[in-house]
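The values are calculated or read from the model by the stated rules, or taken from the named source; none is laboratory data. All figures in this text were calculated on a predicted structure; none of them were measured in a lab. Counting neighbours? That spans all protein chains shown, and the Cβs are built from the backbone with ideal geometry, glycine included.
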Amino acid sequence: MAFIDEAEVNFISGRGGDGAATFHREKHVPRGGPNGADGGRGGNITLLADRNKRTLYDFKLRAEYKADDGSKAVGNKAGKDAKDIVIRVPVGTILYDAEDDEQIIDLAVDKMQYVICRGGRGGRGNLYYTNSVRQSPSFAQRGAPGDNLNARLELKLMADVGLIGLPNAGKSTLLSVMSAAKPKIADYPFTTLAPQLGVVAIGDHTFVMADLPGLIEGASEGIGLGHQFLRHAERNKVLLHVIDAYPIDDSDPVDNFRMIEEELKQYSEELYNRPRIIALNKSDMGIPEAEEDIIERLGQFGVPVFVISAATSQGLDPLKWALWKCVEEISAEEEIPIIVPTYRNDEGSAWDVEVIEEGYRVVGKRIERLVEMTNLGNRDAIHFLYRKMRRIGVIEKLEEMGAEPGDTVLIGAFDFQYEEW
């Protein structure tokens, strides 16, 4: 099992504002030309990874986010750009396209941003279409539609400290006494089947600790809950290796430690090299001389050892301080990458013409958007669209496929009667 918090949300960016089709009018300027300005850009929608956010619960309460549209141009005054929406999500949130389940981005670093839906471009005013041949265009462009993404958000465990160790080493008990978490606790192995989170406070500081399912020999090969556990352990800054000082099977604690370390190494060198601290647990159950021997033999690994008892809370404060200092040192060294998203642009130039029962259908994001941005109530604008489609090759393709005047041509949500200009 994996600790996954999911939500499905619809994101809609704003449409661009329409351009203006106006002409300069002034008392002493009898032949004023076109001066229509461009419309404003629609609002973007951006996800921002925030370490202060812990869950995706907000998305359970709100299933849709829509940015405002850009303002229309008024005469020679350009339309205002709409305000962007920035949505904060927990660090570790993965964004998927809900339609094909394709992963879009993994927001794995604090303050990482990703524009998931771009606002539509503002439509061009008639001033833009003025040239030496077309000196008085009477049409302007409509604003481009915004993006619409039905997304699935998945939160995978992100914690500062991950508890590792054999089943029944006392990890769940340790988490329960170091934080307000209430994991299931029992006197048999594999009590923890899914990761549990808890916030640990020490002084004025806090850090997040995760109790992960116990490892067994062969975990790196997927035995038991191995792969599920190890994938989550990769996201932790510090590993706290909990060792049972007095295992019920009379196994050697140092051999147990060595076995778990070998599983980490087999799975990932990067994970194996992650900073760690040892907590020698259940000191209330034995004698100090035995623990001193274990500590001495653990010294060969060069890992700090803290003798504790989760059951009696012995030695927990020194352990908390050591963990917090380790987490802070690592956090200070982290660099926040400047993310330049490889935004998925579905407006490829590819297009095609299909024969359908009603006539013909032209398919292609670029063509469909071009039609949607055209003022179909203006004959000059339609004529401009026709010439552009001829330059692209659409009209020639229709002619090759046998289109005749009067035939129906569907493009996106619009239908036209084919005619020669």
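General remarks:
- If you go through the range 377-413 and keep only what is within 14 Å of Val355 (Cβ to Cβ) and touching a strand residue (DSSP E or B) at 6+ places or on another chain (Cβ under 7 Å), you end up with Lys397, Leu398, Met401, Ala403, Asp407, Thr408, Val409, Leu410.
- Picking from residues in the range 275-326 that are part of a loop (DSSP other than H, G, I, E, B), out of contact with any Phe, Trp or Tyr (no Cβ under 7 Å at 6 or more places or on another chain) and without any contact (Cβ under 8 Å) to a residue 40 or more places away in the chain, the one that is farthest from Ser176 (Cα to Cα) is Gly302.
- Just so you know, in the range 123-174 the residues that are in a loop (DSSP other than H, G, I, E, B) and aliphatic (A, V, I, L, M) include one that is farthest from Phe59 (Cα to Cα), and it is Val133.
- Residue that is nearest to the chain's Cα centre (by Cα), among those in the range 158-186 that are surrounded by fewer than 19 Cβ atoms within 10 Å (Cβ to Cβ) and either at pLDDT below 75 or outside the structural domain of Pro247 (by TED's automatic domain parsing) (or both): Ala181
- Of the residues making up the range 366-421, those that are assigned to a strand (DSSP E or B) and either of a type outside the set (Ser, Thr, Tyr) or in the same structural domain as Gly19 (by TED's automatic domain parsing) (or both) are Val409, Leu410, Ile411, Phe414, Asp415, Phe416, Gln417.
- Flag for Val371 being closer than 22 Å to Asp38 by Cβ, under 39 Å from the mean Cα position of the chain (by Cα) and without any contact (Cβ under 8 Å) to a residue 60 or more places away in the chain: yes
- Looking at Phe139, Phe59, just one residue is aromatic (Phe, Trp, Tyr), over 21 Å from the mean Cα position of the chain (by Cα), crowded, with 18+ Cβ neighbours inside 10 Å and not assigned by TED's automatic domain parsing to the domain that holds Val371, and that residue is Phe139.
- Selected residue (criterion: nearest to Pro253 (Cα to Cα)) from residues of the range 142-157 that are within 23 Å of the chain's Cα centre (by Cα) and among the charged types (D, E, K, R): Lys156
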